[in-house]
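Okay, so here's the structure we're looking at.
The values are calculated or read from the model by the stated rules, or taken from the named source; none is laboratory data. Because the structure is a prediction, the values reported are computed rather than measured. When we count neighbours, we look across all protein chains shown, and the Cβ atoms used for this are built from the backbone with ideal geometry, even at glycine. Heavy atoms of the whole protein, side chains included, go into the accessibility calculation; ligands, DNA and RNA do not. Shrake-Rupley method; radii C 1.70, N 1.55, O 1.52, S 1.80 Å.
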Amino acid sequence: MLKSIRMSRRSWVAAWAVLCAAGLAATAKLNASSAPAPQPEKSVSGECAERIADIETQLVKAKQEGKGDGMLVFSRVRVGTEDDCRDDLRNLFRGDQ
């Protein structure tokens, strides 16, 4: 029968410390290598820029009047038309400007 090898506490702690350091280093390397490439800025049409400026103005005005509860209602535009600013508005409210 094989005898089990006895390790001191210091050896166990040192082995775990080495494993943890290696794991942290590997995780940092993976996170750095998988960083998404920056997206090129998409230009916003003039009409969408006007709508976005109007919405931002309404939000500022509502905050100044003490109605800044974070809710803004506006009507929808027809889907499929060139003046559809849906993606630009989503980016505005997500903070992806």
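Quick notes on this structure:
- Qualifying residue in region 63-72 (condition: of a type in the set (S, T, N, Q), open to solvent by 60 Å² or more (accessible area, probe 1.4 Å) and either at pLDDT below 80 or not in a helix (DSSP H, G or I) (or both)): no
- Where a residue in region 47-62 is on the phi < 0 side of the Ramachandran plot and its partner, wherever it lies, is aromatic (Phe, Trp, Tyr), with Cβ under 7 Å and at least six apart: 55/74
- Of the residues examined, residue 90 is one that is open to solvent by 100 Å² or more (accessible area, probe 1.4 Å), at pLDDT below 85, part of a helix (DSSP H, G or I) and among the charged types (D, E, K, R).
- Members of region 16-49 found to be more than 21 Å from the chain's Cα centre (by Cα) and at pLDDT 85 or above, listed by number: 16, 17, 18, 19, 20, 21, 22, 23, 24, 25, 26
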